Amino acid sequence: MYEKLLSPLDLGFTTLKNRVLMGSMHTMLEEVPGGLERAAVFYAERAKGQVGLIVTGGIGPNEEGVVAMGAAAMTTSEEAAKHKVITNAVHKEGGKICMQILHTGRYAYHPKSVAPSPIQSPITPFKPREMTADDIERTISDYVKCAALAQEAGYDGVEIMGSEGYLINQFIVKRTNHRTDEWGGAYENRIKFPIEIVRRTRERVSENFIIIYRLSMLDLVQDGSTWEEVVQLAKAIERAGATIINTGIGWHEARVPTIGTVVPRGGFAWVTKRMMGEVNIPLIATNRINMPDVAEQILQDGCADMVSMARPFLADSNLVLKAMENKADQINTCIACNQACLDHTFNMKVCSCLVNPRACHETELNFLPTKNKKKIAVVGAGPAGLAASTIAAERGHEVHLFERGKETGGQFNMAKVIPGKEDYSETIRYYNRQIELSGVHLHLNTNATTDLLTEGGFDEIILTTGVTPRKVDFEGSDHPMVLDYVEVLYRNKQVGKCVAIIGAGGIGFDMAEFLSHDHGQEPPSLSKEKYMEEWGVDMAYSQAGSLAVSPKPAPSPREIYLLKRSGGKHGKSLGKTTGWIHKASLAMKQVKMIANVEYQKVDDAGLHISVNEGETEILPVDNVVICAGQEPLRSMYEELQAKGKTVHLIGGANVAAELDAKKAIKEASYLAAEI
């Protein structure tokens, strides 16, 4: 079914079993005690899942280049020997694995950072030291030594990270290279650094070793590379001895989202296609490729020779195997939320996955067959209930899942209608299929009363009843123009042309995103061309860095006020790696964000407020939408306990401070593994 995706790729000295690369992700496993052993299990499980080639997270070639003090590096044979636990585990499963060599340059989170020029990045607190000519030569040697040590450790190759705004990329572009010596100035001088790294590495490791070069094909920053320069570098890298060129998209400081869920699937494959035919070595397309059909289409369209998927292998280690067995409907799809992967990494926590808490925790969370079959009731078919019921049933328990509504999915049924969150529907699809496969007894449109649960012969009861919108208490809060988020997102209540949203947490931002789009039009998240226009990417590549002069978002069909009681900027509670996207999107839609608001009353004239304890003003809105938090639905818990039942309370039913599917699915998974 996936003819091109599953076909082998001959590299001359070795053959990859298929066209799927598990792209590099910094999991933090390399930095924690016993982490290499945990990483070995993590990578081996993906190798067993039949991925063609794996690339590790970034490993520093020297102390200056590591992500943070104490982060992973490979500088000695002793360090290389420790990595054999990883390479042996992957090879035992018939897989191949490359180690990524990453020098962060000015992106380093430590005071020893270095760069071509002493220009501080906007995303790190340290100003880098300008590298001397001797530093540059030493660093090239460190790259070469690191690659040789990787070979010594048993890796099948290395990926030299030359994109995303890290050190090599910093040498290449005028934005960060202001040098006047032989390593700066003319483009030929600025690309000497990556060319010499690849050339000398190839000389050191011989021909039968994979060298992937991660080339920044779209810088998406001012003073980035032109397309002609990108092609010139690609050809030079091929001549220097690279085996494969992987695509890099955007710098970490770029104003264009490149991997968030707002990005269309396969949305950046067009730039890799543009490079096809310019070089004679395989090219890899990347970013937001999360399902086999997307990957196959990219290959069929001649956009690339391989595809890279990184986070999708957190969500499902068996993605390729399921594609091979024509079981794509059983794939646990990456929804690009970043909440448990990148957000964890940037907070120096071990990576995981919202939809698969086992990711990077394979040594502690396993779903083994039960030795004591029980009859279990699960109440609520939101994410927590779906995870708990399907895992428990998979382990061999008799599970009955009760849902008072007409469908499964809970809060995800609201998330999936937000423009840019369409992929949340994939999680519901996955769990519905798991219900069928695991034999869960699903009872829709069923109110699981205390009597039903106590008289049903259940050994244990899991309450995942979720949350209900918190009510507000001010004059006129019962006015017909006042709605809550469930009424708008789930019950399709119509909203007028001018609206005030009360509450600026995650739900408030989602509501503003929902209301700022014309739902008669295809959203940018489902259209590559609309997305690039909305965020200002020049697909003609007439500008350096491929940035358009300015973004051209579609105008909002409504005037929107996003209000909050507290002071400070909006969006503090949003994800570390995605919050800026949500704020930028609403800014482009000219949503008015107002803090320090006191809500006085609602009447036919609109919403009466005061700001910063000032005079009363009236917002002449058609509707007020309440997104002021949630209350847990847990009324049965004490009743069931009083009747002597073994009852568990998880997800929003337990703590409803903010909707948190990551926490809910994690709690459900650990409980179902132990019950």
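Since every read-out is calculated from the coordinates, none of them should be taken as a lab result. These figures come from a predicted structure and were not determined experimentally. Note that we place each Cβ from the backbone using ideal geometry, even for glycine, and neighbour counts take in every protein chain shown.
Data for the structure
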item: Value of Rg to Rh for the stretch 162-258 (Rh from inverse mean 1/r over Cα pairs, i.e. Kirkwood); result: 0.97
item: Span-like helix ranges in the chain, DSSP H, alpha carbon extent 27 angstrom or more, Kyte mean at least -1.0; result: 133-152
item: Positive minus negative residues near PRO469 (Lys, Arg vs Asp, Glu; Cβ under 11 Å); result: -1
item: Taking the convex hull of Cα positions in the stretch 215-337, its mean projected area over all directions (nm²); result: 8.1
item: The stretch 1-75 and the stretch 354-386: distance between their alpha carbon centers, rounded to Å; result: 27
item: FRET efficiency, GLU487 to TYR187 (Cβ-Cβ, R0 45 Å, nearest 0.05); result: 0.20
item: Sum of -39500 (n - 2.57) over DSSP H runs of 4+, divided by residues of the chain (222 nm, nearest 500); result: -9000 deg cm²/dmol
item: Considering only the chain, percent of DSSP beta bridges that pair antiparallel, nearest 5; result: 20
item: Cα pair count fraction exceeding 16 Å, expressed as % - the stretch 427-476; result: 64
item: Protection proxy ranking, peptides 523-530, 384-391, average beta carbon neighbours within 10 Å, highest first; result: 384-391, 523-530
item: Over 32 Å between alpha carbons, listed pairs LYS416/LYS497; LYS145/LYS662; LYS84/LYS373; LYS493/LYS601; LYS96/LYS371; result: LYS145/LYS662; LYS84/LYS373; LYS96/LYS371
item: The stretch 32-144 shape via C-alpha gyration tensor axes, a/c threshold 1.5; result: prolate
item: Environment charge at ILE501 (Cβ cut-off 15 Å; Lys +1, Arg +1, Asp -1, Glu -1); result: +3
item: Charge context of VAL32, other residues only, Cβ under 10 angstrom, K/R +1, D/E -1; result: 0
item: Projected label distance in nm at GLU78 and ARG634, using a 7 Å step from Cα toward the beta-carbon; result: 5.0
item: Note, ³J(HN,Hα) from phi for the stretch 347-354, Karplus 6.51, -1.76, 1.60, rounded to Hz, x at Gly and Pro; result: 9, 6, 10, 4, 5, 8, 8, 4
item: Cα gyration tensor category, rounded, prolate or oblate, for the stretch 9-346 with a/c compared to 1.5; result: rounded
item: Euclidean distance of C-alpha centroids, the stretch 93-115 and the stretch 217-289, integer Å; result: 19
item: Inverse mean reciprocal Cα-Cα distance (Kirkwood Rh) of the stretch 491-588, Å; result: 15.0
item: Binned Cα-Cα distances of the chain, short to long, each 10 Å bin given as a whole percent; result: 3, 15, 23, 25, 19, 11, 4, 1, 0
item: By average C-beta atoms within 10 angstrom, highest first, the peptides 320-329, 474-483; result: 320-329, 474-483
item: Peptide ranges 338-348, 8-18, 152-162 listed from the most packed, as the mean C-beta count within 10 angstrom indicates; result: 152-162, 338-348, 8-18
